1. Would you mind calculating the gained length between residue 481 and residue 406 on full extension (0.36 nm times residue separation, minus the Cα-Cα distance), in nm to one decimal?
2. Only loop residues by DSSP count here, and only those with at most 14 other Cβ atoms within 10 Å; note down the trypsin sites (Lys or Arg not before Pro) in the stretch 103-187 that meet that.
3. Cα centroid distance between the stretch 162-222 and the stretch 338-393, in Å?
4. Can you give the Rg to Rh ratio for the stretch 341-415, taking only C-alpha atoms and Rh from Kirkwood?
5. Remind me, what semi-axes does the stretch 1-137 give for its equivalent ellipsoid, largest first in whole Å, using sqrt of 5 times each Cα gyration tensor eigenvalue?
6. Identify all lysines with a Cα-Cα distance to residue 236 below 19 Å; exclude those on the same chain that are fewer than 8 residues away in sequence.
7. Classify the stretch 97-216 from the C-alpha gyration tensor, please: rounded if a/c falls under 1.5, else prolate or oblate depending on whether a/b exceeds b/c.
8. For the pair residue 472/residue 301, report the inter-label distance in nm, with labels modelled 7 Å from Cα in the Cβ direction.
Amino acid sequence: MQYHSTRGSAPAVDSAQAVLTGLASDGGLYLPEQIPTFDWKKCVSSDTFSMATQILSAFLPDIPNMEELVRLAYTGKFETEELTPTVAAGPFTVLELFRGPTSAFKDVALSMLPRLMTAAKTVKGAQKDILILTATSGDTGKAALVGFQDVPGIKICVFYPDGGVSDVQRRQMVSQEGGNVTVCAVRGNFDDAQTGVKEIFTACRGKELPFELSSANSINIGRLAPQITYYFKAYKDLLDAGKIQLGDKVNFSVPTGNFGDILAGWLAGALGLPVGTLICASNANNVLTDFIRTGTYDRRRPLYKTQSPSMDILVSSNLERLLYLLSGDTALVAELMRKLQTEGSYTVPAQLQEKIGNQFWAGCCDDDGASEVIGRVFREYGYLCDTHTAAGWKVAEDYVNQTGDHRPMVVLSTASPYKFPAAVLAAIGGSCDGDEFAQMEALEQVSGVAIPGNLAGLRQKPERHTGVINKEEMPEFVLAL
Ligand SMILES: *Cc1c(COP(=O)(O)O)cnc(C)c1O
């Protein structure tokens, strides 16, 4: 299957090469020439591993032995057997995506990506080791480290802003084991770390190096495709619970940042799954809410630091894929992306806006709104959710109230409440002056929900990666790996 760039001027590649390369050479994102034909009914009646195998084989047909890769990626790694369980809570069904090894939803994709990369490397006969470079504002770093730990032929280096991640997130990363992993703090903020990584990519382009550089963020189709599976799984759970009949449409509310998670939902629909409305939930950084409502994307606005930091984003990379999928027009996408880069905003043609509006609905929820939801959902339904999930819940409520659409609603839950213990504890009426670990313990006492094992054991783990460097030192640091 040929993959081409959303901007149209990079050469087409096969699916294995698309996974290896990540970003297309014209700056665009890879997509298959057409959506694969797919037996969605068979998929929905399968178990989770088989669902993942069918979906990944359809999107990445050049990667062989998919069943084996899926088994290796997921067996024994998640705290629940079905990987992404659903829980009925009041009017909605919560799809829990945070049961993986680092309690982050990114575990679902980052457990799979390394397997896909090594297999793609074999298919393409690539000799050199791959070096994954990642800048993280928190969750991606640890999930990527665990996913790539001791994977042969791949090294990973994660940079995080010194003092810019939570104590728990820092401890998760600096305690990481594995012979192929490096973690280093960079003086500055997340943007400094991110810019530093981008500059290394630019500086290394075309150079003879002992390794091939790649990245682990959601621009890679190998990270996006594994996320389609849990939409099928949630649908199956609703069928099994007798809440829907085969063919009934289901709505999904998705706490959104880079637009990868919600785009996976659109792709599930494109494969045939009866997806109703996809609800794009943002926090106070509501650039996507404005875009979906008006057709104008405008990143010229302040970036607020919120209690749902994984959604603190002004440029949602994967939106580019949706613009292409709904317009089929690479020249248009290239022009819109050029405008975003140079002018900071763009407006899509009316026809494209209408198509987006037919399938997506958008809303936002600030920190106070999220806190209110966490408290109310816990009191009324006994369900404890995190700050990101709370935004998804609130916007789902707004959607139902404003449209009167009462189809079954699945709210995607993207983080464990223990990732943000202070905010969650306060929201359910508790308080604690101690550090984040003390707050976790207090939250466990007040809520009765157990701390995930990987977080509970963190305090005792030795710190292995203690380096702090300046941004200017990053290239040298990487070359010495
Ligand atoms: C990454 C992340 C998101 C956003 O997902 P996108 O695919 O970037 O839209 C939402 N919530 C949490 C907790 C995350 O880690």
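The values are calculated or read from the model by the stated rules, or taken from the named source; none is laboratory data. On a predicted model such as this, the values are computed, not experimentally measured, just so you know. FYI the Cβ positions are ideal-geometry reconstructions off the backbone, even for glycines, and counts take in every protein chain you see. SASA here: full protein model, heavy atoms, side chains in, ligands and nucleic acids out. Shrake-Rupley method; radii C 1.70, N 1.55, O 1.52, S 1.80 Å.
1. Computed gain between residue 481 and residue 406 is 21.5 nm.
2. 128
3. Using only Cα atoms to place each centre, the spacing works out to 28 Å.
4. 1.09
5. 28, 18, 16
6. Output for residue 236: 41, 42, 249.
7. It is oblate, given that a/c is not under 1.5 and a/b is not larger than b/c.
8. Roughly 3.7 nm, to one decimal.
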